[in-house]
1. By how many degrees, 0 to 90 and rounded to 10, does the Cα axis of helix 7-19 deviate from the longest principal axis of the chain?
2. In whole angstrom, how far apart do the alpha carbon centroids of the range 1-68 and the range 88-114 sit?
3. Where the eigenvalues come from the Cα gyration tensor of the range 10-55, what are the semi-axes √(5λ) of the equivalent ellipsoid, largest first, in whole Å?
4. Rank-order 10-16, 67-73, 45-51 by packing density, defined as the average count of other C-beta atoms within 10 Å over each peptide's residues, highest first.
5. Could you tell me how many degrees, from 0 to 90 and to the nearest 10, lie between the Cα long axis of helix 98-107 and the main elongation axis, the longest principal axis, of the Cα atoms of the chain?
6. Please determine, in degrees from 0 to 90 and to the nearest 10, the orientation of helix 24-37 with respect to the longest principal axis defined by the Cα atoms of the chain, where the helix direction is its Cα long axis.
7. Run the numbers on the chain and let me know its relative contact order in percent, using alpha-carbon pairs under 8 Å that are six or more apart.
8. Residue 33 to residue 89: extension gain in nm, 0.36 nm per residue of separation minus the Cα-Cα distance?
């Protein structure tokens with residue numbers, strides 16, 4: 001695997017594609033799909049991927065926000081994922097993997113699972 005094909009790079013690329021897709025359905029399903037595809041990655045990798053992709057879009061496509069508010073959406077999603085990680089940790093169950101967030105969403109807070 002080359003450096004360019006590391007899981008985090010693939011996650012960032014995926015997030016950029018979804019945010020810039022123009023498809024509300026793809027944007028809404030992005031976090032769930034990210035967690036499903038990379039369930040073996042650290043939970044905070046999701047936050048890093050979404051935040052980094054959003055910053056890259058902001059730097060590379062400054063006019064994108066005029067057409068579609070993907071930049072505030074990306075940062076908002078990062079904050080929501082972070083809040084879920086904090087909640088799980090506060091319950092005494094540190095989420096070591098993205099798959100742990102999927103379990104939390106199924107049992108406690110299904111917002112990311114309901115978004116289609």
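None of the figures in this text is laboratory data; all of them are computed from the coordinates on show. Remember, it's a predicted structure, so these values are computed and weren't measured experimentally. Note that we place each Cβ from the backbone using ideal geometry, even for glycine, and neighbour counts take in every protein chain shown.
1. Between the helix axis and the principal axis of the chain, the angle is about 60 degrees.
2. So the separation of the two Cα centres works out to 19 Å.
3. On the way: eigenvalues 55, 29, 11 Å².
The three semi-axes for the range 10-55 are 17, 12, 7 Å.
4. Numbers: 10-16: 20.1, 67-73: 14.6, 45-51: 22.4.
Packing order, densest peptide first, comes out as 45-51, 10-16, 67-73.
5. Between helix and principal axis, roughly 70 degrees.
6. Once rounded, the angle reads 50 degrees.
7. Relative contact order, the chain: 34 percent.
8. Full extension from residue 33 to residue 89 adds 17.9 nm.
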